[in-house]
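The structure under discussion is supplied below as structure tokens; questions concerning it will follow.
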Amino acid sequence: MRDLGLMGESTFSLWCADVGIVPNGSQIDKTGWDFFVEFPFDSSLSPQDIHKPAFECKVQVKATDKNDRKLPITLSNLRRLITAQMPAFFVFIEFDKKDTAQRSYVVHVDNNMISKVLKRLHEVEQSEKENKLNKRTMTIHYDDSNLLNMPNGVSLKSNILGHIGDNYSEYIASKKSHLESTGYEGGFAQITFTTEGEENLRSLIDVSLGIEKEVEIAKFKGVDTRFGIKSENLLFDSDGGKLAMPDLKPMTEGRIRFKEGRLSSGLSFECKLFNSPFNQMVSDEFKKMRIEGEFFDLKFNPFTGSATYSFSFGEGVRMEVSKFKNALKLLKLLSKSEKNIIVELIFNEMPRLEFVAGCIATEFEYLAELKSLESAVKIMSDFESTDIIDISFDEISRYGGHICQLEGILSSPPSLFKVEFGINEEGYNSEKETACIFLITTPIGSHVFGLILVLTGSVEKIEDERYRLIANDVIIEQRIISERDESISNEDLVTIVESIEEKYDDEFSVVTMFDDCTNRALKSDTEKTGAL
């Protein structure tokens, strides 16, 4: 006349008492749990721990002489355990027809079990059969992964605390969040609607790609959906209205590459891919995809080959210099007549897609801006700049001439420099070779680039106190980079210029061809002169 239930509960109570935790037994076995277990407070009284609650949990104990490693539990009891606002556990104790416990298994009511039970409850609720939860069961399985190291209180306590973790409040919050969200991963409702006519169908696809804001629909209704199971309750049912899809997310991100030929390197840009969920429901002629880049928008049908694209360099658009250069090169490429461009789509976790886009013969209007950007890229390379430098179309147009001039200076021989200057101060010796010092700067987008340049050579007199330099050498003494909203210290600039003047002072008559802003007096015993 073995009472396995009482043996299991007594054994569990003994184990709890052995390690100082309190098992409060349920007086009526209709609540889904056998014990409300209370753990002692942590001994720490630090300011960080004094407010933390003691651990508590609910436990259902099942004792058996079998080793089937499974047990059916009523859905009513399971519902109480999974929805309890505290940790919950099953403790299975195997006696093997002996007087003492031989093995014990602890099964944590974790997120996975919570989801399975809630899904089963929802299935029962929506079924046409009788849905008395105390008559329906769900089998709980356990195996060696749930086995305690030893069938005693120490192993039991260690196992339960291991599942709860260090922060009881976080556990409770996490369980509550999972209870509220699980089953809605695929959405909380299923909506059906009807469109009328081809034009509305095309507009529907455009809305789903973020091209248009809304579309007229003839009829629509929605029902609650959880775990993919539709509820019988309607959320709404209407004969007409408008459908909008704000906050669309891209299907994936990657790169798009435009190539003149299969062996050319091409122009590559980062982009986002949008795919209409309605493509799988319509015939090939209506299917459409969209690729959105930093400055372009491409809509295309991968089945018919039709494509339209648009570009935006207007107000507020800023891009890195090299990206802007490639953007204009792409525009130039697409403006060529009778030319087909190979377009490659390379996206994460997707096979490479390729199609051919035709070009429309148009006049390319941005040759000057493209030349300016190519010069800017060369300047940045020469200066070995590692900063991210962005630029707007307005800045390219406004300062393009200066940018090209600075790039030309970097590679020009001395013979291309034409320098004339006048001297109003005493002390200049035209018999010696002259060193002319220049400061040349230009804005490139978010930064300012500058050179301190020295031209050396002989001079010839043009008229009274005016000379022409016949340059035989050009030396870049200093490269300067600064952000446009940061001014270069005048003191630092003067220090650099003075050191350059001193470097050339012994062999040359030094002429500084810009104002150092210090109004310093020229010394009569030197051959330096201020800029004019």
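The values are calculated or read from the model by the stated rules, or taken from the named source; none is laboratory data. These numbers come from a predicted model, not from an experiment. Please note: Cβ atoms are built from the backbone with ideal geometry, for glycine as well, and neighbour counts cover all protein chains shown. These area figures cover heavy atoms from the full protein model, side chains too; ligands, DNA and RNA do not enter into them. Shrake-Rupley method; radii C 1.70, N 1.55, O 1.52, S 1.80 Å.
What distance in nm separates the simple spin-label points at E426 and S385, each placed 7 Å from Cα in the Cβ direction?
4.6 nm
Which FRET efficiency value, to the nearest 0.05, is calculated for N167 and D99 with the Förster distance at 60 angstrom and r the Cβ-Cβ distance? Could the numbers behind the result be given before it?
On the way: r = 40 Å, r/R0 = 0.67.
After rounding, the FRET efficiency stands at 0.90.
Same structure again: In the full protein assembly as shown, how much of L14 is accessible to a 1.4 Å probe, in Å² to the nearest 10?
Its accessible surface works out to 120 Å², give or take rounding.
If packing is taken as the average number of other Cβ atoms within 10 Å across a peptide's residues, how do 430-436, 495-501, 103-109 rank, most packed first? List each step's numbers first, then the result.
Details: 430-436: 17.9, 495-501: 15.9, 103-109: 20.4.
Packing order, densest peptide first, comes out as 103-109, 430-436, 495-501.
Under the Kirkwood approximation applied to all pairs of distinct alpha-carbon atoms, what is the hydrodynamic radius of region 1-138 in Å? Walk me through the numbers on the way to the answer.
On the way: mean 1/r = 0.0598 Å⁻¹.
Across region 1-138, the inverse of the average 1/r is 16.7 Å.
Between K418 and S268, what is the label-to-label distance in nm when each label sits 7 Å out along the Cα-to-Cβ direction?
For K418 paired with S268, the spin-label model returns 4.6 nm.
If I take all pairs of Cα atoms in region 360-436, what percentage of them are more than 16 Å from each other? Could you put the intermediate results ahead of the total?
Numbers: 1926 of 2926 pairs.
Of all Cα-Cα pairs in region 360-436, 66 percent lie more than 16 Å apart.
Could you give me the ³J(HN,Hα) list for region 224-234, computed from phi with Karplus coefficients 6.51, -1.76, 1.60 and θ = phi - 60°, whole Hz, x at Gly and Pro?
4, 9, 9, 6, x, 9, 6, 8, 7, 8, 7
Another question about this same structure. Among the aspartates and glutamates, which have Cα under 14 Å from the Cα of K62 when same-chain residues fewer than 8 positions away are ignored?
Those aspartates and glutamates meeting the cut-off are D3, E9, D29, D34, E94, D96.
Which one, F324, F258, N149, is farthest towards the positive end of the dipole of the chain when Lys and Arg carry +1 and Asp and Glu -1 on their Cβ?
Farthest towards the positive end: N149.
Using θ = phi - 60° and the Karplus form 6.51 cos²θ - 1.76 cosθ + 1.60, what ³J(HN,Hα) does each residue of region 299-316 get, whole Hz, x for Gly and Pro?
Once θ is set to phi - 60°, the couplings for region 299-316 become 10, 8, 10, x, 9, 9, x, 6, 8, 10, 9, 9, 10, 9, 10, x, 4, x Hz.
Taking amide H positions as placed 1.01 Å from N in the peptide plane, with prolines and chain starts having none, which residues 5 or more places from I444, or on another chain, fall under 5 Å of its amide H?
Excluding prolines and chain starts, which carry no amide H, the hits are F449.
Could you check how many percent of all C-alpha pairs in region 316-412 are farther apart than 23 Å?
Values: 1889 of 4656 pairs.
Tail of the P(r) past 23 Å holds 41 percent of the pairs.
Nearest 20 debye, what's the magnitude of the dipole of region 335-429 about its Cα centre given +1 on Lys and Arg Cβ and -1 on Asp and Glu Cβ? Present the calculation step by step, with values, prior to reporting the outcome.
Working: 7 positive and 18 negative charges, 82 e Å.
Value, rounded to 20: 400 debye.
Can you compute the charge dipole magnitude of the chain about its Cα centre, using +1 on each Lys and Arg Cβ and -1 on each Asp and Glu Cβ, nothing else charged? Give it in debye, rounded to the nearest 20.
Working: 62 positive and 88 negative charges, 852 e Å.
That gives the chain a dipole magnitude of about 4100 debye.
Scattering from the C-alpha atoms of the chain alone, worked out with Debye: what is log10 I(q)/I(0) at q = 0.07, 0.10 1/Å?
Log-scaled intensity ratios, in q order: -0.76, -0.95.
Give the ranking of R79, R466 by solvent-accessible surface, highest area first, calculated with a 1.4 Å probe.
R79, R466
Which residue, L81, G408, N429, has the largest displacement toward the positive end of the dipole of the chain when charges sit on each Cβ (Lys, Arg +1; Asp, Glu -1)?
The one lying farthest along the dipole's positive direction is L81.
Another question, then. How large is the charge dipole for region 138-267, taken about the Cα centre, if only the Cβ atoms of Lys, Arg (+1) and Asp, Glu (-1) carry charge, to the nearest 20 debye?
On the way: 15 positive and 20 negative charges, 93 e Å.
The calculation lands at about 440 debye.
Take the Cα radius of gyration of region 72-181 and divide it by 2.2 N^0.38 Å, with N its residue count; two decimals is plenty. All intermediate terms of the calculation are to be shown ahead of the outcome.
Details: Rg = 15.8 Å, N = 110, 2.2 N^0.38 = 13.1 Å.
Against the empirical 2.2 N^0.38 Å value, I get 1.21 for region 72-181.
With point charges of +1 on the Cβ of Lys and Arg and -1 on the Cβ of Asp and Glu, referenced to the Cα centre of the chain, which listed residue (G457, N472, L6) lies farthest in the positive direction of the dipole?
L6
Using 7 Å Cα-to-Cβ label points, what is the D3/L235 separation (nm, one decimal)?
Distance between the two pseudo-spin positions: 5.3 nm.
Working out 0.36 nm times the residue gap between L353 and S43, then minus their Cα-Cα distance, what length gain in nm do you get to one decimal?
On the way: separation 310, 0.36 × 310 = 111.60 nm, distance 6.29 nm.
Taking L353 through S43 to full extension adds about 105.3 nm, to one decimal.
Also: With the cut-off at 1.5 for a/c, could you classify region 388-525 from its C-alpha gyration tensor as rounded, prolate or oblate? Before the final figure, lay out each step's value.
Numbers: a/c = 2.32, a/b = 1.61, b/c = 1.44.
Prolate, because a/c is 1.5 or more and a/b exceeds b/c.
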